[in-house]
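The values are calculated or read from the model by the stated rules, or taken from the named source; none is laboratory data. A quick note: this is a predicted structure, and the numbers were derived from the prediction, not measured. Please note: Cβ atoms are built from the backbone with ideal geometry, for glycine as well, and neighbour counts cover all protein chains shown. Areas reflect the complete protein model, heavy atoms only, side chains present, ligands, DNA and RNA absent. Shrake-Rupley method; radii C 1.70, N 1.55, O 1.52, S 1.80 Å.
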Amino acid sequence: SGTIPSIRNLTNLEHLKLANNSLSGPIPPYIGELVNLKVLDFESNRISGSIPSNIGNLTKLGIFFLAHNMISGSVPTSIGNLINLESLDLSRKTISGVIPSTLGNLTKLNFLLVFNNKLHGTLPPALNNFTKLQSLQLSTNRFTGPLPQQICIGGSLRKFAANGNSFTGSVPKSLKNCSSLTRVNLSGNRLSGNISDAFGVHPKLDFVDLSNNNFYGHISPNWAKCPSLTSLKISNNNLSGGIPPELGWAPMLQELVLFSNHLTGKIPKELGNLTSLFDLSIGDNELFGNIPTEIGALSRLENLELAANNLGGPIPKQVGSLHKLLHLNLSNNKFTESIPSFNQLQSLQDLDLGRNLLN
């Protein structure tokens with residue numbers, strides 16, 4: 001604990017790691033004098049104040065971790081001098097201002113993490129030229145303008161999160177053929193455009209969330225060809241067309257969240273093949289027809305949300321065999337006849353069958 005003691009005479013120092021302590025006070029103002037530093041790790045402390053502008057003197061620096069502190073102020077333009085930087089983590093603080101255009105000089109970056117700050121403005125166009133990026137985390141800031149269209153130009157991008165901002169424009173074009181992707185989260189922005197063909201077949205993709213935007217178009221059957229996909233979330237957009245039956249052959253799918261769109265057609269019986277599914281949320285659409293009896297095969301299902309559609313017929317008794325259900329919402333439909341036995345739903349916490357035609 002306490003402040004960082006004076007180490008300005010250690011001019012040959014290459015690695016300075018003080019992470020995961022309770023250090024307080026500012027970053028030492030002489031930090032720019034330790035010109036041989038290659039690793040600077042102050043992560044998870046209580047360090048306050050701003051990032052010294054002389055940080056740009058550390059031209060040998062390859063790793064700079066400052067996440068989870070109490071740093072304020074802006075990112076100094078001198079950060080563009082750190083031309084050997086490979087990992088930059090400035091996340092989980094109260095940094096404000098814009099990302100300086102000089103950041104575009106850091107072409108060796110593998111990891112750029114600035115999430116959970118108060119950054120605003122547009123991103124430097126030079127991000128389109130970064131060929132080594134593996135993780136770009138921009139979440140929960142106040143960014144505006146377009147996303148970098150060539151963000152996967154180097155074919156190495158694995159994790160891309162830009163959720164919780166005010167980005168506009170389309171999904172980056174380079175994501176379509178980005179086979180390295182494992183996670184994509186673009187939710188909670190003002191993005192638009194047709195996403196029918198915005199993504200391709202991604203062999204490593206595990207999680208994708210495009211919710212709470214202005215996308216339109218159809219749900220691509222290609223999602224079923226992503227063998228590692230566990231979560232597909234595209235709620236609260238303007239999607240149309242039907243739910244592709246091919247999604248029933250996405251072997252690892254655990255979450256299918258498509259509520260609040262304009263989807264039509266019937267619920268595909270093929271969804272009964274998704275035996276790992278625990279969340280099926282497709283309410284607030286324009287789906288019609290019966291609930292397929294194959295839904296009873298989803299033995300791990302915890303959330304079944306089909307409310308506010310045009311579904312009808314009797315509620316199949318197979319729904320009553322989904323013994324892990326916590327939440328069941330079939331309200332605002334046209335279900336008829338009587339309520340089936342729900343005696344097996346021992347874990348149920350929420351049940352809504354209101355505004356139907358049940359007798």
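Mind listing just one residue for me: the one in the stretch 301-317 that is in contact with a Lys or Arg (Cβ under 7 Å, 6 or more places away or on another chain) and farther than 22 Å from GLN344 by Cα and, of those, most open to solvent (accessible area, probe 1.4 Å)?
ASN310
For LEU147, all conditions in the list (1) more than 18 Å from LEU210 (Cα to Cα); (2) hydrophobic (A, V, I, L, M, F, W, C); (3) buried (at least 22 other Cβ atoms within 10 Å of the Cβ) hold save one; what is the number of the exception?
For LEU147, the failing item is (1).
Conditions (1) in contact with a Ser or Thr (Cβ under 9 Å, 6 or more places away or on another chain); (2) assigned to a loop (DSSP other than H, G, I, E, B); (3) modelled with pLDDT of 95 or more; (4) of a type in the set (Asp, Glu), marked per residue:
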site	(1), (2), (3), (4)
THR275	yes, yes, yes, no
LEU280	no, no, yes, no
LEU304	yes, no, yes, no
LYS324	yes, yes, yes, no
LEU357	yes, yes, yes, no
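Restricting to the stretch 21-52, name every residue that is in contact with a His (Cβ under 9 Å, 6 or more places away or on another chain) and open to solvent by 70 Å² or more (accessible area, probe 1.4 Å).
LYS38
Being modelled with pLDDT of 95 or more, in a loop (DSSP other than H, G, I, E, B), polar (S, T, N, Q) and open to solvent by 20 Å² or more (accessible area, probe 1.4 Å) is the requirement here; does SER228 meet it?
The answer is yes for SER228.
So, in the stretch 144-171, of the ones that are of a type in the set (S, T, N, Q) and not in a loop (DSSP other than H, G, I, E, B), which residue ends up farthest from SER240 (Cα to Cα)?
Restricting to residues being of a type in the set (S, T, N, Q) and not in a loop (DSSP other than H, G, I, E, B), the top hit is THR144.
Condition first: in a strand (DSSP E or B) and either surrounded by 17 or more Cβ atoms within 10 Å (Cβ to Cβ) or not small (Gly, Ala, Ser) (or both). Now tell me which residues in the stretch 93-120 satisfy that.
Answer for the stretch 93-120, where residues must be in a strand (DSSP E or B) and either surrounded by 17 or more Cβ atoms within 10 Å (Cβ to Cβ) or not small (Gly, Ala, Ser) (or both): PHE111, LEU112, LEU113, LYS118, LEU119, HIS120.
Please determine whether any residue of the stretch 7-19 is open to solvent by 50 Å² or more (accessible area, probe 1.4 Å), outside any loop (DSSP other than H, G, I, E, B) and in contact with a helix residue (DSSP H, G or I) (Cβ under 6 Å, 6 or more places away or on another chain).
Among the residues of the stretch 7-19, not one is open to solvent by 50 Å² or more (accessible area, probe 1.4 Å), outside any loop (DSSP other than H, G, I, E, B) and in contact with a helix residue (DSSP H, G or I) (Cβ under 6 Å, 6 or more places away or on another chain), which makes the answer no.
Starting from the stretch 222-246, take each residue that is farther than 14 Å from LEU210 by Cβ and list its partners that are assigned to a loop (DSSP other than H, G, I, E, B) and among the basic types (Lys, Arg), counting only C-beta distances under 6 angstrom and pairs at least six apart or across chains.
From the stretch 222-246, the pairs are SER228/LYS204.
Please work out which residue is surrounded by the most Cβ atoms within 10 Å (Cβ to Cβ), limiting yourself to the stretch 242-269 and to residues that are farther than 12 Å from PRO221 by Cα and among the small types (Gly, Ala, Ser).
Checking each candidate, the answer is SER260.
Does any residue of the stretch 172-191 turn out to be in a loop (DSSP other than H, G, I, E, B), within 14 Å of PRO146 (Cα to Cα) and open to solvent by less than 10 Å² (accessible area, probe 1.4 Å)?
For the stretch 172-191, residues in a loop (DSSP other than H, G, I, E, B), within 14 Å of PRO146 (Cα to Cα) and open to solvent by less than 10 Å² (accessible area, probe 1.4 Å): present.
Show the residue pairs that are 6+ apart or on different chains and have beta-carbon atoms under 6 Å apart, the first residue being within the stretch 331-343 and closer than 14 Å to ASN290 by Cα, the second being at pLDDT below 95 and in a strand (DSSP E or B).
If the second residue must be at pLDDT below 95 and in a strand (DSSP E or B), no pairs are left.
When you go through ASP284, ASP279 one by one, which is the residue that is open to solvent by 10 Å² or more (accessible area, probe 1.4 Å), among the acidic types (Asp, Glu) and on the phi > 0 side of the Ramachandran plot?
Of the residues listed, the single one that is open to solvent by 10 Å² or more (accessible area, probe 1.4 Å), among the acidic types (Asp, Glu) and on the phi > 0 side of the Ramachandran plot is ASP284.
Considering only the stretch 48-78, how many residues are touching a strand residue (DSSP E or B) at 6+ places or on another chain (Cβ under 6 Å), hydrophobic (A, V, I, L, M, F, W, C) and outside any loop (DSSP other than H, G, I, E, B)?
4
List pairs: first in the stretch 308-328 and closer than 12 Å to ILE339 by Cβ, second β-branched (Val, Ile, Thr) and crowded, with 18+ Cβ neighbours inside 10 Å, Cβ under 6 Å, 6+ apart or cross-chain?
The qualifying pairs are PRO316/ILE291.
What's the total number of residues in the stretch 76-89 that are open to solvent by less than 50 Å² (accessible area, probe 1.4 Å) and out of contact with any Leu (no Cβ under 7 Å at 6 or more places or on another chain)?
Adding up the residues that qualify gives 3.
Restricting attention to the stretch 135-157, which residues are in contact with a strand residue (DSSP E or B) (Cβ under 6 Å, 6 or more places away or on another chain) and either among the small types (Gly, Ala, Ser) or touching a residue at least 40 places away in the same chain (Cβ under 8 Å) (or both)?
Within the stretch 135-157, SER135, GLN137, SER139, LEU147 qualify.
Checking the structure you have, find out if any residue of the stretch 288-295 is outside any helix (DSSP H, G or I), over 20 Å from ILE315 (Cβ atoms), among the aliphatic types (A, V, I, L, M) and modelled with pLDDT of 95 or more.
no
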